[in-house]
Amino acid sequence: MSGLGGRRPPARPQLGWRDRFRALQLVPRYLVSLWQTSPWLTVLEILLRLLVALAPVAVLAVGKLIIDAVVAWLRSGAAVPAVHGWMLPGHIGALLLTELALALAMEWLSRSISLVDGLLVDRYNDRTSLRLMQHAARLDLADFEDAGIQDRLDRARRQVAGRSNLLSTLAGQLQNAITMLSFAVGVAVYSPWLLVLIAVSLLPTLAGELHFGALAYQNDFEWTPQQRELDYVRMLGASGQAAKEIKSFGLNPFLIERYRRLAGEKFRLNRELAWRRTGWRMIYATLGTLGYYLAYAWIVWRTLHGHLGLGDLSFLAASFHRLQSLMQAQLTAFSQVAGQALYLKDLFSFFELQPKIISPTQPRPFPQPIREGFRFERVGLRYPGSSQWALRDLDLQIGAGEVIALVGENGAGKTTLVKLLARLYVPEEGRILLDGHDLADYDLDDLRAHIGIIFQDYMRYHFTAADNIAVGRIQDRDDRAKIQLAAQQGLADAVIEGLEGGYEQMLGKLFREGVELSGGQWQKIAIARAYIRQAQLLILDEPTSALDARAEAEVFQRFKALTQGRSAVIISHRFSTVRIADRIIVLQRGKVLESGSHDELMSCGGHYAELFELQAAGYR
């Protein structure tokens, strides 16, 4: 079974009976989270279920009294009251009205339970989704670039909605348990061994449901990478953003066939399990039915021999049938809870992931302004799961107020260096200093608040034009003057003025009335996003790759002026761009190969001069 990029699926979890029952320990944790979601809805749920649980046995008890009263009346030979020809004896009529009131109360309570269930589940799903977002925000960038952790996040995300019926199952179990207890007391008055017969006949059902519930979880766990691929292919096939390329390359048949193959594999896996589960369920149901009719025959035999009355027969037969059905439902529900508890493990285990990059307990205040700058001392980094060094023995100084440019071939370590500056990663070897102190000594949020980064793969938010800029400093979202100034600095003001809705124009085609921009226009919006941050260190990773030559020249003329007194890092493959830098750093295989101004590096005739001449030759 091939996955995206040839990934191997995760090891299939081996779940013994102890593991399945141990997963039930997560149910109290789930109940606590429900209580924290809404205490008053949780209490109301319990009270309503309690009332509904006691109603069935009350209805049967009243029904028994009605039958006994009718039989007694008929045996007494008394005449039925003849008022309008349809009136019943007073006490029988009162019993019927009582049963009617109980039936109506059950209906009203059941509707109320559905209402409370829905409200509580919606609140729980919303709260848990927010917790997922909040916890994901705390995790390291490396976690989001790890396929295994992405699988865990995907399973956790699916469990939010997938476990919505667990509330109804657990509450139904509580309700049924109370009802069962009341029926069991009634049955035990006549014959306790009937309870034993029910239990013995239903034990195979419990074992079977637990077994197949674990198999279903194992299948879902093993299929997580393929499920993500399935979702990705489905998204691509209906994506407006990818539509141009998919149509141009004629990829639709390929995507459709890939989806059909993956969906077919999943269907066959589920179908095999469903056939086996259904076959065994039929066997278990047969055993349960045989047990019921054996008990039913005994009750009828006792009635025929005068040991039980007709009211007793009605009450016992109905009680026994309801008790068996409830026990069957309880065992099935228990197995479902045990199965869903396995999925809860995926949800709660994601919350147990902890970031490795955290702020110190007593952080240093960020220097304002930066006085010495940043210094890399023999810094080395390997990405998780890789044996190759992205950077190794890197020594580098970025002075206060200095504009440097990073150049080098793909894979030389330019973007990795930027990630280290923002502490999106931490060095495996060496250290990075800011004004003589390790970056780890500073508060993480404070550090990042003073660094403005626009990566080459910047986000195109399907927000308004104003919000697309404001995300660079979201606390200034309501400050239109700052947003407009940043737009002017990033040359995005002309783009926005050309939009029908101006700064309130929705960008992108995801939502109604959205407008798609060109690549260069999006890039100007992204540059404005960096300027609104007013950061002490500004980093632009290939900031003008989608701009024409005239726009690029204007952007960097303005960039040079706007970064006066602030440090800046430019990553670019265009040598016309990097010439504006105070110093150019040439990286090769994760190390500094050359360093100097454009003129100095050209006079040396080294690697930079070679690359410059190669690029310049294309313009001659």
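Odds and ends about this structure:
- Among residues of the range 256-275 that are in a helix (DSSP H, G or I), those with a beta-carbon under 7 Å from a residue that is small (Gly, Ala, Ser) at least six positions away or on a different chain give the pairs Ile256/Gly237; Tyr259/Gly237; Leu273/Ala216.
- Entry remark, the range 112-145: residues being touching a residue at least 12 places away in the same chain (Cβ under 8 Å) and either part of a helix (DSSP H, G or I) or touching a helix residue (DSSP H, G or I) at 6+ places or on another chain (Cβ under 6 Å) (or both) number 21 in total.
- Lys524 among the basic types (Lys, Arg), crowded, with 16+ Cβ neighbours inside 10 Å and either assigned to a strand (DSSP E or B) or not assigned by TED's automatic domain parsing to the domain that holds Asp395 (or both): yes
- Contacts under 8 angstrom Cβ, first residue in the range 500-516 being closer than 14 Å to Gln484 by Cα and free of Cβ contacts under 8 Å to residues at least 40 places away in the same chain, partner surrounded by 14 or more Cβ atoms within 10 Å (Cβ to Cβ) and of a type in the set (S, T, N, Q), 6 or more apart: Tyr503/Thr464; Tyr503/Gln484
- Meets criteria (surrounded by 16 or more Cβ atoms within 10 Å (Cβ to Cβ), touching a residue at least 60 places away in the same chain (Cβ under 8 Å) and in a loop (DSSP other than H, G, I, E, B)) for Leu447: no
- The helices (runs of 4 or more DSSP H) located wholly in the range 464-510 that include 3 or more residues which are buried (at least 17 other Cβ atoms within 10 Å of the Cβ) and under 35 Å from the mean Cα position of the chain (by Cα) occupy 465-470, 480-489.
- All conditions but one from (1) under 35 Å from the mean Cα position of the chain (by Cα); (2) buried (at least 20 other Cβ atoms within 10 Å of the Cβ); (3) modelled with pLDDT of 75 or more apply to Pro543; the one that does not is (3).
- Test: Leu120 is loosely packed, with under 15 Cβ neighbours inside 10 Å, modelled with pLDDT of 80 or more and on the phi < 0 side of the Ramachandran plot: no
- All of Ser576, Ser567, Ser572 fail the test of being at pLDDT below 85, buried (at least 22 other Cβ atoms within 10 Å of the Cβ) and not hydrophobic (A, V, I, L, M, F, W, C), apart from Ser572.
- For the range 363-412, the set of residues classified as small (Gly, Ala, Ser) and assigned to a loop (DSSP other than H, G, I, E, B) consists of Gly385, Ser386, Ser387, Ala390, Ala400, Gly401, Gly408, Gly411, Ala412, listed by residue number.
- Selection status of Ile432, free of Cβ contacts under 8 Å to residues at least 12 places away in the same chain and of a type in the set (Val, Ile, Thr): no
The values are calculated or read from the model by the stated rules, or taken from the named source; none is laboratory data. These numbers were taken from a predicted model, which means no experiment stands behind them. Every residue, glycine among them, receives a Cβ derived from its backbone with ideal geometry; neighbour counts consider all protein chains shown.
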